[in-house]
Amino acid sequence: MGVTGELVGCTATPSKPVVSNGLPDVSLPCLGDGPDVRLADLRGPLVLNVWAQWCGPCRAEAPYLAKLAKSGKVGMLGIDYDDPRPELAVKFAREEGLAYPHVKDQDKSIQRALKVGGPPLTVFVAKDGSIAYVHRGVLTSQHQLDQLVQDKLGVTP
């Protein structure tokens, strides 16, 4: 199983039409076991978090994301972004209890579409697949994340 053995695997998603103001039509390899994930196929309510193991603020917000994932109220996907050491990313995700699927974007292929200045960045995706909101920078509390999920996705965590 190697380094990915304890990560939640990615699952195949049926192909869907690209949504205007939706996630980019980019396929990224799973950080754990499983198929590549085509972002344009994803629908919400979904919280997509762009992170990297070398990113201090990403480490600070990880417990909030882990707790939200445990609630099971919204879909979650992590994107390990511009990370030269995916094996350390796997270790980080395991240690922080980020028990949801993660993909890797070592080539920064989402940078332009999502205007990624750098991690962390959190994208809130509505049920129809459109991007409801993009939070740039670190999430500073569980309350802030839960409030964003409620305000932007209409889901009470």
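The values are calculated or read from the model by the stated rules, or taken from the named source; none is laboratory data. What you are looking at is a predicted structure, and each value in this text was computed from that prediction instead of being measured. Note that each Cβ is placed from the backbone with ideal geometry, even for glycine, and that neighbours are counted across all protein chains shown. SASA here: full protein model, heavy atoms, side chains in, ligands and nucleic acids out. Shrake-Rupley method; radii C 1.70, N 1.55, O 1.52, S 1.80 Å.
Brief remarks on what is shown
- Failed criterion for residue 63 (all others in (1) part of a strand (DSSP E or B); (2) surrounded by fewer than 21 Cβ atoms within 10 Å (Cβ to Cβ) hold): (1)
- Selection of first residues in the stretch 67-79 that are in a helix (DSSP H, G or I) and surrounded by fewer than 21 Cβ atoms within 10 Å (Cβ to Cβ) and of second residues that are modelled with pLDDT of 95 or more and acidic (Asp, Glu), restricted to Cβ pairs under 9 Å at least 6 apart or on distinct chains, gives the following pairs, ordered by first then second residue: 67/146; 71/146.
- Filter result for residue 86 (farther than 28 Å from residue 17 by Cβ, open to solvent by less than 50 Å² (accessible area, probe 1.4 Å) and at pLDDT below 95): yes
- Qualifying residue in the stretch 31-51 (condition: polar (S, T, N, Q), open to solvent by less than 30 Å² (accessible area, probe 1.4 Å) and closer than 26 Å to residue 150 by Cα): yes
- Here 80, 107 are screened, and the one residue that is closer than 22 Å to residue 10 by Cα, within 14 Å of the chain's Cα centre (by Cα) and charged (D, E, K, R) is 80.
- Meets criteria (farther than 16 Å from residue 132 by Cβ, open to solvent by less than 10 Å² (accessible area, probe 1.4 Å) and part of a loop (DSSP other than H, G, I, E, B)) for residue 107: no
- Residue within the stretch 126-140 that is open to solvent by less than 10 Å² (accessible area, probe 1.4 Å), farther than 21 Å from residue 12 by Cβ and either in contact with a strand residue (DSSP E or B) (Cβ under 7 Å, 6 or more places away or on another chain) or of a type outside the set (S, T, N, Q) (or both) present: yes
- Given (1) in contact with an Asp or Glu (Cβ under 9 Å, 6 or more places away or on another chain); (2) closer than 20 Å to residue 156 by Cβ; (3) open to solvent by 50 Å² or more (accessible area, probe 1.4 Å); (4) assigned to a loop (DSSP other than H, G, I, E, B), index of the condition residue 54 fails: (2)
- Residue ID - modelled with the highest pLDDT, chosen from residues in the stretch 16-30 that are in contact with a helix residue (DSSP H, G or I) (Cβ under 6 Å, 6 or more places away or on another chain) and open to solvent by 50 Å² or more (accessible area, probe 1.4 Å): 25
- Flag if residue 113 is in a helix (DSSP H, G or I) and open to solvent by less than 50 Å² (accessible area, probe 1.4 Å): no
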